[in-house]
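The values are calculated or read from the model by the stated rules, or taken from the named source; none is laboratory data. As the structure is a prediction and not an experimental result, all values here were calculated from the model. Cβ atoms come from the backbone with ideal geometry, glycine included; neighbour counts cover every protein chain shown.
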Amino acid sequence: MSKLSHTNEKGKAHMVDVGCKPNQVRTALAEGFISLNSKTINLIKDNQVKKGDVLTIAEIAGIQGAKRTSELIPLCHPIQITKVDVKASVEDNGVKVNCMVKCIGPTGVEMEALNGVSIGLLTIYDMCKAVDKSMIIGEVKLLEKTKEDF
């Protein structure tokens, strides 16, 4: 069994030292889904949700969430993000949120991508909670992470 990277030899949590790792181009792509009733989907499509443009605000919130990940997850490194792209798209039974994050650095950006998706989905929930009591956030997952020398 492999050892967890965020625990020391005594099993206590600690932040991993990435200072000696080489800088690489790192990307991560995550996605998630929020199920919504048909009335809510139509309100979103017609931009009739009272709080505003749900998809655009969710995308902006996702970008903000990705950028603030190290402030929310205790052992996550603050990193220099070079790109965040969040897309929220209406589907038959809800909204899918995708988040791609890129950086040049010694550690990956999968937590930033997952956080971007999560915050985007939570924003949709917040904006639609007055009209839809049946919303379910789920299927948040990492689709891909890469690293390459530059």
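Structure summary
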| quantity | calculated |
| --- | --- |
| Any hit, the range 33-50, residues being among the β-branched types (Val, Ile, Thr), within 23 Å of LEU143 (Cβ to Cβ) and surrounded by fewer than 17 Cβ atoms within 10 Å (Cβ to Cβ) | no |
| Pairs where the first residue, in the range 31-58, is acidic (Asp, Glu) and the second is modelled with pLDDT of 95 or more and assigned to a helix (DSSP H, G or I), C-beta under 8 Å, 6+ apart | GLU31/VAL117 |
